[in-house]
Each structure stands twice: as structure tokens, then as C-alpha cells.
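A.B. asks: Got a structure here, written out as C-alpha cells. Questions coming.
Each reported figure results from applying straightforward, stated rules to the coordinates on display, with no laboratory input. Owing to the predicted nature of the structure, the values given are computational and were not obtained by experimental measurement. Ideal geometry is used to build each Cβ from the backbone, glycine not excepted, and the neighbour counts take in all protein chains shown.
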């Protein structure tokens with residue numbers, strides 16, 4: 001059966017209600033075949049989403065009567081210094097590690113992309129390795145390294161006469177330590193994205209620049225990086241979202257401390273849910289958090305891609 | 001790895017939340033126990049309450065050997081190990097009850113209880129629950145109302161324990177061990193510094209002793225973390241003064257009483273003057289300080305003995321001693337509480353009668369409580385045990401001090417305080433970061449307590 005004839009027939013019977021049902025029945029098999037996705041999507045996505053929306057207007061402790069509070073949870077949330085503090089932490093953390101990590105990723109990617117490098121596959125695998133390492137193991141290792149009294153880093157520093165650094169015992173140092181762990185864990189991931197981007201840039205462009213007398217550095221800064229911009233924007237977007245959603249890294253390394261300095265919004269949602277059992281409030285948090293991340297992502301996209309058309 | 005895309009993150013959050021509250025409808029606190037639960041104890045309860053003028057006697061236990069069940073009991077390592085001490089006696093009395101213990105750290109136990117209770121299934125028959133978490137679960141309606149079974153035991157247990165186990169006049173748990181607090185000290189360190197612990201009557205004396213010890217031996221007085229402070233030392237010291245997070249009416253009092261500020265400033269003096277060792281509780285450096293004699297004292301509860309003797313510092317046997325808490329004011333009790341636990345039955349359990357039989361046999365029977373105290377330092381809440389000669393025996397670990405008698409005196413004096421309420425977990429989680437900020441010099445003691453009080457009022461809707 002040819003496609004046009006099918007379309008004609010369906011157009012012909014569209015106005016009638018019974019007709020659309022019978023049309024559905026006639027095409028039941030395709031629908032049945034694609035239904036598993038939609039069934040799962042409904043159960044594991046739409047239902048939870050609607051349920052947490054419903055939860056977010058209740059005051060409930062999981063058991064017993066839920067009390068309808070309308071927008072009460074949202075009202076409370078907008079003047080909750082802990083929640084906004086965790087948002088601020090995410091912003092601070094973003095500026096601590098994302099610029100460094102992204103720049104390093106671009107540099108590393110272009111080194112890995114260079115023709116002169118031998119064993120490229122091995123280097124690429126090596127750089128990606130931290131990303132697939134269990135974060136719990138990595139986090140505990142970082143704790144051992146960064147421990148104030150017996151940690152290897154401070155021991156090594158003491159050989160050079162540096163007094164112990166409170167890596168995890170000071171508000172700002174803890175953020176820096178978390179940034180280090182993030183760079184360690186996510187640098188390889190970002191490098192791979194950059195590498196993919198680099199491979200779409202024709203070599204002739206760099207070669208032409210060199211023929212015109214540009215040095216390797218100049219070609220990198222004025223040809224490669226500008227052409228890589230869309231990929232960099234993409235990687236930074238992922239980093240923004242990843243920073244707000246950061247959970248395993250601070251949970252293992254600092255548990256959000258000291259004094260909540262490394263607590264991220266998702267950690268806050270987690271502890272509100274599972275330690276304080278305030279399901280309704282936590283659901284409201286999840287929605288506000290989602291809205292904020294979407295807005296920030298859109299703003300960043302607008303800001304960075306502005307003028308690209310010109 | 002943590003979600004990279006926002007949709008995934010939100011779905012995850014949503015799933016977590018939904019997964020946690022599958023079945024909202026649940027039993028409420030109003031449910032009365034079914035007659036099947038009462039068992040032998042309730043008839044005794046009947047007689048006890050029908051003749052209030054008679055001197056109450058500890059209910060006798062008459063085990064029903066035909067009672068058959070397979071109980072699942074949750075708890076953490078030290079608690080389960082201790083309960084198992086009673087196993088031979090219990091299996092003799094109840095040959096048809098088998099017990100399966102599930103060992104998890106406290107945090108996991110509580111989280112799994114929450115999940116099981118929210119989901120409507122999967123809870124054990126019985127769980128060990130610390131006083132600090134008990135009121136929360138009572139408030140949730142997760143636990144069986146065992147008022148009828150528990151009532152005959154009320155006069156025989158430490159009175160302060162019932163605060164966490166009861167709600168609106170109904171009881172949901174039977175007290176196991178109490179956490180009477182005293183000062184554990186190193187005899188050798190005190191001797192070396194020439195400090196006689198008998199002269200330490202007030203906290204000012206304690207502070208002066210700390211300075212002397214620091215000057216003579218270079219050792220800090222106690223361990224207390226700055227950046228990872230958990231608020232427990234502060235809690236122990238305010239509990240001694242009859243203070244907690246809230247007053248009996250439930251109103252937040254952290255910022256209402258100058259004595260709270262005084263305690264926090266007192267703790268700060270030790271940090272500022274190098275008299276405190278900055279180690280987080282329950283971490284390797286913290287254990288090492290005890291084992292290697294790097295600290296002179298620890299203000300802690302009776303149960304700490306088992307940890308020190310068992311695995312933290314077994315080699316330091318004989319070097320320790322215990323004295324009662326110094327006073328803030330002459331009228332203060334020389335007593336406080338930290339922790340302590342109880343056993344409770346879950347509403348979900350289909351073996352209520354056998355579960356109660358287990359709890360009664362382990363906690364309501366002086367022989368069992370004594371055995372668990374002798375073996376594992378779980379200090380009994382059951383006062384009938386205190387007359388046992390074991391209490392007067394010297395404890396070699398503590399250099400021959402009669403620490404058990406001392407703790408029995410302390411436990412009788414523990415003031416009631418608004419500490420382990422339904423919101424204890426949350427209030428502690430809100431206070432601790434404020435103490436951390438204070439310890440790191442980011443705010444004053446007054447600000448720390450005022451900020452914590454404000455957060456608690458906002459988050460818990462308490463006055």
C-alpha cells in the first residue's frame with residue numbers, strides 16, 4: 001500500500017468522531033508497537049511529575065494526612081535562606097572550577113588532536129578514565145589526600161615548609177577542594193566534547209593561517225578557538241546544569257560543610273526529603289530549582305550566542 | 001554520575017520523592033491495639049491499673065513456649081551484638097520464635113525505616129531506635145501503640161525516657177538503655193599535671209584544670225570539631241541546665257535564655273585558647289586521640305565505655321576514670337543525657353504479639369538488661385537492675401572506679417529538657433552549621449543561636 005493513498009483516506013474520514021476511533025483501530029498495531037516507550041514514559045516521567053506537583057502544594061510527612069497549603073510551600077521557599085544559600089553556593093562553585101576546567105579541556109583537546117602526538121588512543125582513554133571511576137571511591141581518596149592533619153597533600157607541602165592548609169575545614173578552601181575534585185572528575189568528559197568539536201574544524205584553515213605567517217599559538221587563538229565556540233558553549237551549558245545538580249561529589253567529600261558552604265540545591269532537596277521527611281516542601285524546591293536552572297541556561301545561551309548571526 | 005541534563009535531574013528528584021511516598025494512607029496514632037496483641041502482659045496491666053493504691057511490682061514474665069514467629073529486627077552493629085547476648089535465654093523461653101537480625105549503620109536504618117513506612121510495606125517487626133529519632137517516628141504514626149503492654153513498666157524505667165516514647169498519653173516503645181553523661185578523664189594525664197579531679201566542682205574549675213593540663217602536659221582538654229561540629233557537646237551541656245531546643249510548650253528557646261549563650265561561649269574558650277582538639281566525632285583521628293592519649297577528657301555517656309573498651313582504645317585500660325559533671329550554678333544537677341535507645345514495634349508487623357514478647361523479654365526482664373549491661377555497657381533504663389551487686393563492683397578499665405554506681409546516681413538526676421522532640425533531627429541539622437560558622441569566627445555566639453532559632457521557627461512552624 002502506498003503512503004499517499006493512506007493519507008487520502010484518513011483525510012476523508014477525519015470529521016467524524018467514530019471515524020477517528022475506527023482509524024485508531026485500523027492502525028492499532030503500529031500504536032501497540034510504539035506503546036512500551038509511552039507507557040514507561042507515563043509511569044516514570046509524567047506520573048512522578050504530576051505527583052510531585054501535587055505534593056508541592058501539600059504539607060505532608062509521607063504518612064498520615066497531607067494538608068493542602070496552596071502556594072504555602074513556595075512562599076516559605078522564597079524566604080528560605082538555606083535554599084537560596086545553596087543556589088549561591090552553586091554559582092560560586094561554578095566560577096571556581098568551570099572556567100579553569102573548560103580552558104584546560106580546550107588546551108588538552110587540541111594537544112590530543114595534534115598530529116605529532118603518539119599513542120593518541122591511550123592518552124584519550126587515560127584522560128577519560130577519572131570520569132568513569134566511582135565517585136565514592138574518588139571522593140574518599142580526595143578526603144585522604146586533603147585531610148588537614150594526616151593528609152598526603154599537607155604532608156607533601158610540609159616538606160617545602162608550607163603550613164597545613166585547611167582544605168576541608170575552611171569555607172573557601174572547602175569550595176576550592178570541591179572544585180579540584182570536579183575538575184579531576186569532569187575534565188576528561190569535557191575534553192572529549194572539545195575533541196569532537198575540533199575534528200569538525202577543517203585542517204586547511206589552520207594550514208592556511210600558517211601559510212599566511214601565523215604561529216601555532218596565533219592559529220590556536222584566532223582560528224581554532226573561535227571556530228570551536230559553539231562546542232564550548234555547549235560544554236559550559238552542561239557544566240552549569242551539572243553544577244546545580246552536583247550531588248555525589250560534595251556528598252562524599254564535604255557532606256555540604258563546613259557551615260553549608262558546599263551544599264548544592266540537589267543536596268538540599270535530598271536532605272529535605274529523606275532526612276526531614278518534608279516531601280511537599282522538597283517537591284516545591286525541585287520545581288523552583290528546575291525553573292531557575294532552565295532560566296539560567298537560556299540566559300547563558302542568549303548571552304553567549306548573541307551576535308553570532310552578524 | 002550526577003545528572004547532566006536538567007530533565008534527568010528533575011525526574012530523578014521526582015522519582016526519589018514519589019518512590020518515598022508511594023502509599024500515603026497509613027495507620028494513625030489513634031489506632032487501638034487489637035486484642036491479639038495484648039498477650040500476657042496486658043492482663044498484668046489490667047491488675048496494676050485496677051488497684052492503683054498497691055505498691056507496683058515489676059510484671060512477671062510468663063513466656064508462652066507455643067508462641068511461634070519469625071521476627072525481623074533492625075539495628076546497628078553494637079546494638080545487635082548486645083541483643084544477641086540474650087539469645088540463649090530467649091530461645092529457651094520461646095523455642096518457636098526465630099529472629100533474623102539486619103545490621104545497618106544508624107543512618108541507613110532510619111532511612112530504610114522511612115522508606116518502608118512511606119511505601120506501606122517492608123518495615124521490620126522491631127527496630128532499635130535512638131531516643132533522638134524516636135519521637136520523629138512516633139509522630140509519623142509508624143509505630144504500634146503498645147500503651148497497654150508498656151504501662152506496667154512506667155514506674156520502673158527512668159522517667160525522662162518516656163518523653164521520647166510517648167505522644168498524647170499513648171506509648172510506642174519500651175526504653176532500653178539510658179545515656180547518663182559524665183566526664184571521662186585520663187588519670188595519668190591528670191596526675192602528671194597535678195590536677196585532682198575531686199576538686200573540679202564547677203565548669204570554671206574544669207576550665208582552670210584545662211589550662212593547667214595544657215601548660216603542664218601540652219594536651220588539650222577535650223575534642224570538639226570546628227568545621228564539622230555536630231552540636232552534640234553543646235546539647236549535652238545545655239541539657240544539664242534543663243534546656244533544649246524548645247520549652248515544654250514546644251516554643252523555640254535557643255535564643256531566649258542567656259544560659260545557652262553562656263554555654264556556647266564556654267565551648268568557644270576551649271577553641272580559642274587551644275584547649276580543644278579539632279577532630280570530628282566518630283572519625284579515625286578522633287579514635288586515635290583516645291587510643292594514643294592525645295586528649296585529657298571526654299564529656300560523654302555511659303555507653304561510650306563499650307566503644308572505648310571494645311575497639312577505640314582497648315590498650316588504655318586502667319588509665320581512665322570518671323567523675324560527675326561539674327556545675328554551672330550550685331543548683332544544677334550533675335547530670336545530663338546523650339543518646340540512649342529503645343525498642344519499638346512497627347504497625348506493619350503481622351506478629352505483634354511475638355514482637356512484644358521479644359521486647360518484654362529483653363528490656364522488661366532485669367536479668368536480660370543486666371546481662372547486656374555487663375557485656376556491652378548498655379546502661380539499663382530499667383531501674384530494678386541498679387540494686388544488683390554488679391553495680392557496686394569496681395570497673396578495672398576505669399582504674400577500679402565504681403562507675404556503674406556513679407552512672408546510676410547520675411541517671412536519677414537527669415533533668416527533663418526539650419531536646420529529643422519530633423523535630424530533633426531537623427533542629428540539630430539547622431543548629432550545627434550555625435555553630436560551625438561561629439567556631440570559624442564568622443559570627444558571634446548570640447548570632448549563632450539567634451540564626452538557628454529563626455531558621456527552626458521558619459522551617460518547623462514552631463512559635
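A.B. asks: Going by a ≥ b ≥ c, the root eigenvalues of the Cα gyration tensor, does the protein assembly as shown fall in the rounded group (a/c under 1.5), the prolate group (a/b larger than b/c) or the oblate group?
C.D. replies: Because a/c hits 1.5 or more and a/b fails to exceed b/c, the protein assembly as shown counts as oblate.
A.B. asks: A follow-up question, please. What's the center-to-center distance, using Cα atoms, between the range A:119-150 and the range A:55-116 in Å?
C.D. replies: 23
A.B. asks: Sticking with this structure for a sec: In peptide A:98-110, what is the residue-averaged number of other protein chain Cβ atoms found within 10 Å of each Cβ?
C.D. replies: 0
A.B. asks: Expressed as an acute angle from 0 to 90° and rounded to the nearest 10, what is the orientation of the C-alpha long axis of helix B:106-119 relative to the principal long axis of chain B?
C.D. replies: Computed tilt is about 40 degrees.
A.B. asks: Moving on. Restricting to the protein assembly as shown, compute how many DSSP beta bridges are antiparallel as a %, nearest 5.
C.D. replies: If I count the DSSP bridges inside the protein assembly as shown, around 70 percent turn out antiparallel.
A.B. asks: Sequence gap at least 6, Cα distance under 8 Å: using those rules, report the relative contact order of the range B:383-463 to the nearest whole percent.
C.D. replies: Reported as a whole number, the value is 18 percent.
A.B. asks: Can you give the relative contact order of chain B as a percent, counting alpha carbon pairs under 8 Å and 6+ residues apart?
C.D. replies: 24
A.B. asks: For the range B:175-199 and the range A:238-310, write down the distance between their C-alpha centroids in whole Å.
C.D. replies: So the separation of the two Cα centres works out to 47 Å.
A.B. asks: Something else now. Expressed as an acute angle from 0 to 90° and rounded to the nearest 10, what is the orientation of the C-alpha long axis of helix B:6-20 relative to the principal long axis of chain B?
C.D. replies: Long axis of B:6-20 versus the principal axis of chain B: about 60 degrees.
A.B. asks: In addition: On a C-alpha basis, how far is the centre of the range A:174-217 from the centre of the range B:281-310 in Å? Whole number, if you could?
C.D. replies: Taking the Cα centre of the range B:281-310 as reference, the centre of the range A:174-217 is 51 Å away.
A.B. asks: Taking beta carbons within 10 Å but only from partner chains, what does the mean come to for residues A:41-47?
C.D. replies: Across the residues of A:41-47, the mean count of other-chain Cβ atoms within 10 Å is 2.
A.B. asks: Across the residues of A:285-292, average count of Cβ atoms on other protein chains within 10 Å?
C.D. replies: Mean shielding by partner chains, rounded to a whole number: 3.
A.B. asks: Where a ≥ b ≥ c are the square roots of the eigenvalues of the C-alpha gyration tensor, would you call the range A:178-303 rounded, which needs a/c under 1.5, or, failing that, prolate if a/b is larger than b/c, or oblate?
C.D. replies: prolate
A.B. asks: Per-residue counts of other Cβ atoms within 10 Å, averaged by peptide: what ranking do you get for B:321-334, A:201-214, B:226-239, highest first?
C.D. replies: B:226-239, B:321-334, A:201-214
A.B. asks: Can you tell me which of B:312-319, B:425-432 comes out highest on packing, and rank the rest after it, using the mean Cβ neighbours within 10 Å?
C.D. replies: For the peptides B:312-319, B:425-432, the packing ranking is B:425-432, B:312-319.
A.B. asks: Let me ask you something else. Quick check on chain B: take the gyration tensor over C-alpha atoms, sort the square-rooted eigenvalues as a ≥ b ≥ c, and tell me if it's rounded (a/c under 1.5), prolate or oblate.
C.D. replies: Oblate, since a/c reaches 1.5 and b/c is not below a/b.
A.B. asks: Just need the relative contact order of the range B:137-288 here, percent rounded to a whole number, with Cα pairs under 8 Å and 6+ apart.
C.D. replies: 18
A.B. asks: On C-alpha positions alone, give me the angle between the axis of helix B:35-50 and the longest principal axis of chain B, in degrees, nearest 10.
C.D. replies: Once rounded, the angle reads 70 degrees.
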